[in-house]
């Protein structure tokens, strides 16, 4: 049985993020963001090239899985719901039901997760990365749920300490 963690960018700085990955024994990081940049100087460390360099130095393999990223249209749908509820992206606690439904049918149902599962490390673990602090507020929770249901992958959602 394989084990994975999910992790977001928000709430971490670069050093604490790497420390949390090491604590979880992450050997492979799967980036499931559409755009691999994060706004704000406090999160510059999470922009793709900087993050890849830090991971390489920590001997963690990096892979970008754009096929698992939400489309721009889906992200806009979630932002509209965030606006309706008066919450910001960084304070969101859950996904909009319509976003989750459409992400599942338009992205997840079309994705083949078997190659990802077969490439999981036999030693250590892998991590699904996006930006939201809480996995329930992020599409990575939907990917994790699918991996558990169809591939029997054990998932732990990691947050800043």
(message) Which of the three applies to segment 109-154, rounded, prolate or oblate, going by the alpha-carbon gyration tensor with a ≥ b ≥ c and a/c under 1.5 meaning rounded?
(response) oblate
(message) Could you list 9, 117, 123 so that the one with the fewest beta carbons within 10 Å of its beta carbon is first and the one with the most is last?
(response) 123, 117, 9
(message) Per 0.36 nm of contour for each residue apart, how much would the distance between residue 85 and residue 56 grow if the chain were fully extended, relative to their Cα-Cα spacing?
(response) 6.5 nm
(request) Using the number of other C-beta atoms within 10 angstrom as an exposure proxy, rank 138, 130 with the fewest first. (result) 130, 138
(request) Note the full-extension length gain between residue 42 and residue 122 as 0.36 nm times their separation in residues minus their Cα-Cα distance, in nm to one decimal. (result) 25.4 nm
(request) Which order do the peptides 54-60, 108-114, 139-145 take when ranked by the mean count of other beta-carbon atoms within 10 Å per residue, highest first? (result) 139-145, 54-60, 108-114
(request) Would you work out if the chain is rounded, prolate or oblate? Take a ≥ b ≥ c from the square roots of the eigenvalues of the alpha-carbon gyration tensor; rounded if a/c is under 1.5, else prolate when a/b is larger than b/c, oblate otherwise. (result) oblate
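Sorted from fewest to most neighbouring beta carbons within 10 Å, what does the list 48, 16 look like?
Lowest to highest Cβ neighbour count: 16, 48.
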(request) Using label points projected 7 Å from each Cα along Cα→Cβ, tell me how many nm separate residue 63 and residue 149, to one decimal. (result) 2.2 nm
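Throughout, read-outs are computed from the coordinates displayed, never taken from laboratory work. What you are looking at is a predicted structure, and each value in this text was computed from that prediction instead of being measured. All Cβ positions, even for glycine, are placed from backbone atoms using ideal geometry, and neighbour counts span all protein chains on display.
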